[in-house]
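S.K.: For reference, the structure I am asking about is given below.
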């Protein structure tokens, strides 16, 4: 059964990276999975991530419950050098590079394909993370325009028109309940006023990579809500 479930292409990449046989890797994956109480498919993804192998394509093919196992196991991939010590307390060499760890974090945190593609190179950079805020907020702005079929409008006005607090007037309705619609409108308006407008009109060195990742996850969650929303094009 394990031979049929494990993705052969990802397994081949793991063989090339480790110089181990397919039989050895399958046995180790099975043992590690049993020890962790997860499926072999999830353990294969986690092992590949620890070695810096890209897994986003394979991960998206997994069933929701196995994707959940991967998400639950991923935090261990992000542990920094400061936590990597042997039993005597001496630092040991990290298992993955910082760039690989960032890629793993991107795969873990960002589900929206466009947001991920627009921001991943900027998140892997060594500085100027305000560019991530500009890119991510532009993806949000562009998504609203496309959903409402609006080509040009001031971002603040765009949020007000598309996500009107009144569900009977909004082009994009996230909830028929006025209070819920208004709360989502307020969150998006705050995003534009606090992050979009400031980073589009000035440069800043105050943002860290962690700040940028957190903001991208925030925008990703908002885009996820918009995917489930109801669109009323007749209200444009």
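S.K.: Check residue 213 against each of (1) surrounded by 15 or more Cβ atoms within 10 Å (Cβ to Cβ); (2) farther than 24 Å from residue 113 by Cα and name the one condition it does not meet.
M.R.: (2)
S.K.: Run down 112, 130, 107 and say which single residue is more than 15 Å from residue 220 (Cβ to Cβ) and either at pLDDT 95 or above or surrounded by 20 or more Cβ atoms within 10 Å (Cβ to Cβ) (or both).
M.R.: On the way: 112 fails: more than 15 Å from residue 220 (Cβ to Cβ); 107 fails: more than 15 Å from residue 220 (Cβ to Cβ).
Just a single option satisfies the conditions, and that option is 130.
S.K.: How many of the residues making up the range 51-77 are out of contact with any helix residue (DSSP H, G or I) (no Cβ under 6 Å at 6 or more places or on another chain) and either in a helix (DSSP H, G or I) or more than 19 Å from residue 104 (Cβ to Cβ) (or both)?
M.R.: The total comes to 10.
The values are calculated or read from the model by the stated rules, or taken from the named source; none is laboratory data. Note that the structure is predicted; figures quoted are calculated from it, not measured. When we count neighbours, we look across all protein chains shown, and the Cβ atoms used for this are built from the backbone with ideal geometry, even at glycine.
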